[in-house]
Amino acid sequence: MSENVRSYTDERTRGETTREADVEEAESEDERIECPECGGSLVNDSERGETVCRDCGLVVEEDEIDHGPEWRAFDAAEKDQKSRVGAPTTNMMHDKGLSTNIGWQDKDAYGNQLSGRQREKMQRLRTWNERFRTRDSKERNLKQALGEIDRMASALGLPDNVRETASVIYRRALNEDLLPGRSIEGVSTASLYAAARQAGTPRSLDEIANVSRVEKDEIARTYRYVVRELKLEIQPADPESYVPRFASDLGLSDESERRARQLLQTAKQEGVHSGKSPVGLAAAAVYAASLLTNEKVTQSEVSEVANISEVTIRNRYHELLEAEEQVQLG
């Protein structure tokens, strides 16, 4: 009987102790919520890391640790865009950059050279890592194609957004089974050509063919097929989009570049550009503008930069000047 009374007393004591602890915790929470000076409400100032009374301005806590990100977002879309854990994903890698990569340097974390046995071990790990990263033929195909796109884009000086778009186009072509009967190099080149035109930084077929491993005819044929099957919306290339690059390569001034744009706009008004190669028109406009602004360059220099013949430049050059004269006389 005495043992039962003792156990009952112990349980009652533990219960009272627990209730007292809860009351103390609640009181401490109330103290944190209310200002100890005036009883006003407290607010957190995240910029200064302080807890301040809204009414009297008393700083209750300071030097608080900010567990949030170092950036600010003003809407949900910006928050999703800036949120990150590790490196950002990218379509320019076959696994979107989510897998591990073992570096080629045979050094440890302190910069010391590895021993011979450790180097052999790391080489075996690299080999197996590459095998694990490409699980099937589809991923091996994608890895080879994205490597080709990156190589050609680097040779052509295209920005990252064009490479990203080209990678997305190739992924779509692969997912919709457009590759059977066509080479990986052909489809990847066509994807890059389409992406460059979509981004407003076009390259001519000749420029694309110079850095590609396939012939110009195959590139054009595959490009038409990919655009038709994927229903890509690509506007005709604007001759003015080639002018800044040609003028920069030739070292011309802003005045010459502006004059070349005016010549092309006049040609559009007169309908001279219809059925003509945009590259040829842009090269002829740059050549004509250099003469009009006394920054003379030779036709061979323009031909080398634009990768077209001097005959084409001469023909388009006369057409542009005739259109300019007609507008001035009219």
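The values are calculated or read from the model by the stated rules, or taken from the named source; none is laboratory data. Given the structure is predicted, the values throughout are model-derived calculations rather than measurements. Here Cβ is always computed from backbone atoms with ideal geometry, including for glycine, and neighbour counts include all displayed protein chains. The accessibility values were calculated without ligands, DNA or RNA, using every heavy atom of the protein model including side chains. Shrake-Rupley method; radii C 1.70, N 1.55, O 1.52, S 1.80 Å.
Details
- Backbone geometry of the stretch 213-227 corresponds, through the Karplus equation with coefficients 6.51, -1.76 and 1.60 at θ = phi - 60°, to 3J(HN,Hα) couplings of 9, 10, 6, 4, 5, 5, 4, 5, 5, 5, 4, 4, 5, 5, 4 Hz, x marking Gly and Pro.
- Along the stretch 145-156 the Karplus relation, 6.51 cos²θ - 1.76 cosθ + 1.60 evaluated at θ = phi - 60°, assigns HN-Hα couplings of 5, 5, x, 5, 4, 5, 5, 5, 5, 5, 5, 8 Hz to successive residues, with x for each Gly and Pro.
- Net charge, residue 324 excluded, C-beta distance under 13 Å - Lys, Arg +1, Asp, Glu -1: 0
- Residues with amide H under 5 Å from that of residue 60, placed H, sequence gap 5 or more: 51, 52, 53
- Calculated from backbone phi, Karplus (6.51, -1.76, 1.60) coupling profile of the stretch 235-249 in Hz, x at Gly/Pro: 6, x, 5, 8, x, 5, 5, 8, 4, x, 5, 5, 5, 5, 5
- Classification of the stretch 149-205 by its C-alpha gyration tensor yields a prolate form. The axis ratio a/c (a ≥ b ≥ c) is 1.5 or more, and a/b outweighs b/c.
- Point-to-point label distance, residue 311-residue 62, nm (Cα→Cβ direction, 7 Å offset): 8.3
- Rolling a 1.4 angstrom probe over the protein heavy atoms with all chains in place gives the stretch 224-295 an accessible area of 50 Å² per residue.
- With R₀ set to 25 Å, the beta-carbon distance separating residue 120 from residue 144 gives a calculated FRET efficiency near 0.35.
- Averaging over all projection directions, the Cα-based convex hull of the stretch 190-330 occupies 8.7 nm² in the image plane.
- Across the alpha-carbon atoms of the stretch 139-241, the computed radius of gyration and Dmax are 12.2, 39 angstrom.
- Within the accessible area of the stretch 93-251 (1.4 Å probe), percent carbon and sulfur: 47
- 13 Å beta-carbon shell around residue 240, net charge (K/R +1, D/E -1): +3
- Shape call, the stretch 249-330: gyration tensor on alpha carbons, a/c limit 1.5: oblate
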